[in-house]
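For reference, the structure is listed below as structure tokens.
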Amino acid sequence: MVASSPSGQAKWSSKTAFILAATGSAVGLGNLWRFPTEAGTNGGGAFVLLYILCVVLIAAPLLLSETLIGRHGQRSTIGSAVHLARQSGASPAWSAMAVLGLIANTLILSFYCVVAGWVVYFIGTSGMGLFEAISGGNALGGAYPEQSPESIREMMPALFANPGLLIGMQSIFVILTILIVARGVKGGIEAAAVWLMPAFFFLLIGITIYAAITGDFARAVNFLFSPDFSRITEPGVMSSALGQAFFSLSLGGGAMIAYGAYASKDTNLGSTSGTIAFADTAVAIIAGLAIFPIVFSVGLQPDAGPTLMFQTLPTAFHLMPGGAIVAFGFFVLAFFAALTSSVSLLEISVGWITEKFGVSRSAAAWGMGLVIFVLGVLSALSFNILADQRPIPFIPGFENAGWFDAFDGITSKLFLPLSGLVTALFIGWVADKKIVNAETGLTGGALSMWRFLVAWLCPLAVTAILVLGMFPQLLG
Ligand code: TRP
């Protein structure tokens, strides 16, 4: 489906395919798993409101900035940034955003594969449940027919207590990601994005409707959409909301520059960025509306943390008619949603290494894959053997974070926003205005508005949130 241009750069076969592929990178565990976790631990409505503001005012404008750097550069992420800096007569040091992005995305991938490993585990258990249901003559029954809702909720703690199993599941996912990237991603990503993402979307809507009917929908809506205004000014809630906006849109100097390079010249980057941001946010909210009604109806705490999705949805699948099939289908599709993201995460460093050092794709993919696996093991073990280690107690806000929380927090709350700050300053102030404006596809008021957001609001707001996140005492 992907044709090559005369310059040898592969191009998405159509504008829709580019949107779907970029949305495929954006939509993943960030929406399904991380958004509900963060909303639950940061007070619900206050977080959701701030998150939406961050997406509209900061992340969407930066999404356009990143895709335009990529499309203009037609190179790897760092290469494209250097190219635009040189053409604008500026220092190539402005490519710092892509260097930071490369480091951040490598760290993100390390724990992303651990969480994706949990999905692999649930494919296994729901697959066995489906097999039991079929052999029990009740193929249309609920998931996990032999279990009780209580024992289903115990599956996550049991998995966490088993380091070998956690690492085994993680390695399956890491190896699959490496294998795809080693072969060259473009065709594979596009097929998965074009067919599986829409399938996933419809299944998720179905599950949400079921949760809305059978769960405590009113309380979930209230939790997610009526903000407790006293929490909105909490620095921790602000930096979490900003971090989630960056994470969920795959921002921070990597994937979206890389994907921009595959967009054809007649794609309007301004309007497609808006579409991608909207679709990604919609999926997160729909996932929240699937998960929170169950949280409240089965008496779980919304701030349960990273296990929330894996304790609520299996319970709903257990009670749901046809749940055995739905559970298996859901985890398989969630797995592909994670894979379309992980592949693009790995591609960022592999693309740069092959371009810079002339190493083969497969050597680069296996080498980086090994690094990512080893870093991920630290995250996996922080749920059991290494539970007491605090790797970065000297960074304000991370005094009590174990390895998993450290990797997750430091990337989304520090590295990605920092990279976004450099991007905003570069595009807003330094890069050649003619080139930039022409790449956006925007005109008139929309163009001025975007320029204002990138040049003024993004740098000021991101700096304020970063500083307050580090020094909350400034707010008194
Ligand atoms: N956005 C992805 C998700 O929501 C995760 C992610 C963060 C990502 N940064 C990325 C994916 C960079 C690809 C590239 O699951």
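The values are calculated or read from the model by the stated rules, or taken from the named source; none is laboratory data. Please read all numbers here as calculations on a predicted model, not as lab measurements. All Cβ positions, even for glycine, are placed from backbone atoms using ideal geometry, and neighbour counts span all protein chains on display. Note: accessible area is taken over every heavy atom of the protein model, side chains too, but ligands, DNA and RNA are not part of it. Shrake-Rupley method; radii C 1.70, N 1.55, O 1.52, S 1.80 Å.
Points to keep in mind about this one:
- Highlighted here are the helices (runs of 4 or more DSSP H) found entirely within the range 429-476 that include at least 1 residues which are without any contact (Cβ under 8 Å) to a residue 60 or more places away in the chain, more than 26 Å from the chain's Cα centre (by Cα) and closer than 16 Å to Ile58 by Cβ: 444-452.
- Any pair with Cβ under 6 angstrom, 6 or more apart, that starts in the range 277-305 at a residue that is closer than 30 Å to Ala21 by Cβ and open to solvent by 10 Å² or more (accessible area, probe 1.4 Å) and ends at one that is more than 16 Å from the ligand (Cβ to nearest atom) and assigned to a helix (DSSP H, G or I): Ile286/Thr208; Leu289/Thr208
- Only helices (runs of 4 or more DSSP H) whose full extent lies in the range 88-167 are considered here, and the ones with at least 1 residues that are at pLDDT 95 or above are 96-135, 155-160.
- A count restricted to the range 254-276 and to residues that are open to solvent by 10 Å² or more (accessible area, probe 1.4 Å), more than 10 Å from the ligand (Cβ to nearest atom) and at pLDDT below 90 stands at 4.
- Check on Leu251, within 16 Å of the ligand (Cβ to nearest atom), farther than 20 Å from Met368 by Cα, open to solvent by less than 40 Å² (accessible area, probe 1.4 Å) and not in a helix (DSSP H, G or I): yes
- Within the range 34-47, residues that are at positive phi have Cβ atoms under 6 Å from residues that are at pLDDT 95 or above and not aromatic (Phe, Trp, Tyr) in these pairs: Gly44/Leu224, counting only partners at least 6 apart in sequence or on another chain.
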